[in-house]
Amino acid sequence: MYELIVIGGGPAGLAAACAAWDSGLRSILIVERDRELGGILNQCIHNGFGLTYFKEELTGPEYAHRFVELLSKTGVEVRTDTMVLEVTPDRKVHMTGPETGYVVEEAKSIILAMGCRERTRGAIAIPGSRPAGIFTAGAAQRYVNVEGYMPGKRVVILGSGDIGLIMARRMTLEGAKVLACVEVMPYSGGLTRNIVQCLEDYDIPLYLSHTVTDIKGRDRVEQVVVSRVDERRRPIPGTEMVFDCDTLLLSVGLIPENELTSGAGILLDPRTKGAVVYENMETSVPGVFACGNVAHVHDLVDFVTQESQRAGAAAAKYVLNGPAGGETIDVINGSGVSYTVPQRIRPENVEKTAGIFFRVNRIFGKSRIVVSNREGEVAGFNRERLAPGEMERIALPAKLLENVKGELTVAIQEVE
Amino acid sequence: MRELVCIVCPRGCHMKADEELNVTGNACPRGAQYARAELTHPTRVVTSTVRITGAPYTRLPVKTSAPVPKEFIESVMAELCKVTAAAPVHVGDVIIKNILSTGADVVATRELVAK
Ligand SMILES: Cc1cc2nc3c(=O)[nH]c(=O)nc-3n(C[C@H](O)[C@H](O)[C@H](O)COP(=O)(O)OP(=O)(O)OC[C@H]3O[C@@H](n4cnc5c(N)ncnc54)[C@H](O)[C@@H]3O)c2cc1C
Ligand code: SF4
């Protein structure tokens, strides 16, 4: 019986395991299906990681390496090349690997850190034929950066999420011609800094409020048709542009990988598509925690690290001191807010502050983030600008939560 | 007056700079520094990969140890095509010293053990 089993050895799993070790647990197992630890970071070779956490600009593999080094100074056990197949509510973890075969390990606590996967073409249903040359941006990233294959020479990118933007620059540097980045929404889904340094630096046009309406080609992609869309995201006839290209990259969003989570009977939030979590990242099943991209899709690994350290420390507390208790406050999404994490707060467990991550559902100018209960405003935070592509974070002091009962609403009020 | 977005950190401040390079809108001094450099002589850290032999994978990720002038990016990429690293490689190992006399080294960003 382990004190803690961590599923997934990406930045979330690594930070959680290290924090649990530092908080006193001594029998910890990380299970990772890939050959190496580090998760998605190993293929994100660009820089921009760690500015908040390490105050340095690191590349993805360097950031992962820092945590692998920290981990090697602990006694945490690691099984790579091992896939978790099932988690049960009584905390049994079914896994299979080349050395152990199929085994079931028991744990006093579990941290889910499986990350997310990319939405594929099927998930967004583009019309047209089914030729070769259509990749998710993340798959293309792995081909180029790890395996050393170029997916194509003339490229159109659908979706302006960060992975798509990063790959626009990457493919250009490697000699491909990126003809366009096409985004159905009137704003980009990626970080502004990536629009600047990945598209504008290389004169790659960004078509907002446009989408791919046809893919032509029999064996290989030959043309992609792009049309403008109206406010309701319907293509407008007569606005078609045709691009001669051999490759279409899809950067149309990420979905938390939650088969194991739902299999364990854990409550999921349809908005985050991850588990509903408490202030300490505990799920609806006591002793089971979730953190990183499996809980909600993050744009910055620094926040993944912070959140996962919280989960790791909480798992240790659960094992050493017993279950967390107390009254629960539900965090409600007010106007302008599309989700919050955590969804529930137990003030008794909040030490100094309760951090709330959230995303807004459109672009806001100068705004005030208002946290209120039935009696009125509890706290307010000013922001110059809010965008759906950039996750926001507020911190509520423990003192403030003491008198709150039942629920808290987070809403956005635009000032101008 | 020029408008620009700071790319130093993910906050992405929207900044304005006048002809005398007075910067506003930056939330921290690094933004002003970036804006002045961007308007006078823009630089970037280049991240890419080089060929590697004897490792479990065929590409080794690398970066320039310091930002290089933007107009050098293409020639840095050409230089990277010419080298092949051999496993084992450690994070920080110098792959090309003082590339194109820019003062920046090309360094490995990933550990790759010998197969
Ligand atoms: C292309 C791209 C670019 C990015 N750019 C930046 C950036 O510039 N700056 C920044 O700060 N952040 C960036 N991010 C975000 C950051 O990298 C992620 O938020 C972070 O890696 C998420 O960490 P994670 O541990 O939750 O997930 P992951 O890194 O995905 O790790 C999950 C791990 O779980 C393993 N796993 C899954 N299921 C199982 C199972 N059943 N059994 C065993 N193991 C399993 C997986 O193999 C994987 O190793 C980027 C992300 C992507 C995808
Ligand atoms: S000005 Fe400072 S805070 Fe704003 S984006 Fe630049 S580095 Fe970040």
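The values are calculated or read from the model by the stated rules, or taken from the named source; none is laboratory data. Source: prediction; values computed, not measured. Cβ atoms come from the backbone with ideal geometry, glycine included; neighbour counts cover every protein chain shown.
Quick notes on this one:
- Identity of the residue in region A:68-103, within 14 Å of another protein chain (Cβ to nearest Cβ) and in contact with a strand residue (DSSP E or B) (Cβ under 9 Å, 6 or more places away or on another chain), that ends up farthest from A:Tyr318 (Cα to Cα): A:Asp81
- Annotation: A:Val93 fulfils all but one of (1) buried (at least 22 other Cβ atoms within 10 Å of the Cβ); (2) in contact with a Ser or Thr (Cβ under 9 Å, 6 or more places away or on another chain); the unmet one is (2).
- Selection count, region A:240-265, where residues are outside any strand (DSSP E or B), in contact with a strand residue (DSSP E or B) (Cβ under 8 Å, 6 or more places away or on another chain) and without any contact (Cβ under 8 Å) to a residue 24 or more places away in the chain: 1
- Test: residue in region B:4-27 that is under 12 Å from the mean Cα position of the chain (by Cα), basic (Lys, Arg) and within 17 Å of A:Ile195 (Cβ to Cβ): no
- Residues that are touching a Lys or Arg at 6+ places or on another chain (Cβ under 8 Å) and under 18 Å from A:Ala15 (Cβ atoms), drawn from region A:67-85: A:Gly75, A:Thr80
- Number of the condition not met by A:Tyr318 [criteria: (1) out of contact with any helix residue (DSSP H, G or I) (no Cβ under 8 Å at 6 or more places or on another chain); (2) modelled with pLDDT under 95; (3) outside any loop (DSSP other than H, G, I, E, B); (4) closer than 27 Å to A:Gly8 by Cβ]: (2)
- Checking A:Val196, A:Val212 one by one, the residue that is free of Cβ contacts under 8 Å to residues at least 24 places away in the same chain and in contact with a strand residue (DSSP E or B) (Cβ under 6 Å, 6 or more places away or on another chain) is A:Val196 and no other.
- Every listed requirement among (1) assigned by TED's automatic domain parsing to the domain that holds A:Gln223; (2) farther than 27 Å from B:Gly54 by Cα is met by A:Pro151 save one, (2).
- Any pair with Cβ under 6 angstrom, 6 or more apart, that starts in region A:297-318 at a residue that is within 14 Å of A:Arg393 (Cα to Cα) and ends at one that is among the polar types (S, T, N, Q): A:Asp302/A:Thr52
- All conditions in (1) part of a loop (DSSP other than H, G, I, E, B); (2) at pLDDT 95 or above; (3) within 14 Å of chain B (Cβ to nearest Cβ) hold for A:Asp299, with the sole exception of (2).
- Given (1) among the β-branched types (Val, Ile, Thr); (2) at pLDDT below 95; (3) buried (at least 24 other Cβ atoms within 10 Å of the Cβ); (4) more than 21 Å from A:His46 (Cβ to Cβ), index of the condition A:Val182 fails: (2)
- Residue in region A:186-203 that is surrounded by the most Cβ atoms within 10 Å (Cβ to Cβ), counting only those that are part of a loop (DSSP other than H, G, I, E, B) and over 20 Å from the mean Cα position of the chain (by Cα): A:Pro186
- Selection status of A:Arg383, touching a residue at least 12 places away in the same chain (Cβ under 8 Å) and either more than 14 Å from chain B (Cβ to nearest Cβ) or surrounded by fewer than 16 Cβ atoms within 10 Å (Cβ to Cβ) (or both): no
- The set of residues in region A:18-65 being among the polar types (S, T, N, Q) and under 29 Å from A:Lys317 (Cα atoms) consists of A:Ser23, A:Ser27, A:Thr52.
- Residue in region A:1-45 that is farthest from the chain's Cα centre (by Cα), counting only those that are within 14 Å of chain B (Cβ to nearest Cβ) and more than 6 Å from ligand 1 (Cβ to nearest atom): A:Arg35
- Scanning region A:302-314 turns up at least one residue that is within 26 Å of A:Ser262 (Cα to Cα), within 16 Å of ligand 1 (Cβ to nearest atom), among the β-branched types (Val, Ile, Thr) and in the same structural domain as A:Ile111 (by TED's automatic domain parsing).
- Counted residues, region A:24-67 - those being away from ligand 2 (no atom under 16 Å from the Cβ), touching a strand residue (DSSP E or B) at 6+ places or on another chain (Cβ under 6 Å) and assigned to a loop (DSSP other than H, G, I, E, B): 5
Table: residues versus (1) within 25 Å of A:Leu51 (Cβ to Cβ); (2) surrounded by fewer than 20 Cβ atoms within 10 Å (Cβ to Cβ); (3) within 16 Å of ligand 1 (Cβ to nearest atom); (4) of a type in the set (Ser, Thr, Tyr).
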{"residue": "B:Thr24", "(1), (2), (3), (4)": "yes, yes, no, yes"}
{"residue": "B:Ala32", "(1), (2), (3), (4)": "yes, yes, no, no"}
{"residue": "B:Arg36", "(1), (2), (3), (4)": "yes, yes, no, no"}
{"residue": "B:Thr43", "(1), (2), (3), (4)": "yes, yes, no, yes"}
{"residue": "B:Ile52", "(1), (2), (3), (4)": "no, no, no, no"}
{"residue": "B:Pro56", "(1), (2), (3), (4)": "no, yes, yes, no"}
{"residue": "B:Pro67", "(1), (2), (3), (4)": "yes, yes, no, no"}
{"residue": "B:Glu74", "(1), (2), (3), (4)": "no, yes, no, no"}
{"residue": "B:Cys81", "(1), (2), (3), (4)": "no, yes, no, no"}
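- Subset tally (residues that are under 30 Å from A:Ala140 (Cβ atoms) and at pLDDT 95 or above) for region A:1-39: 18
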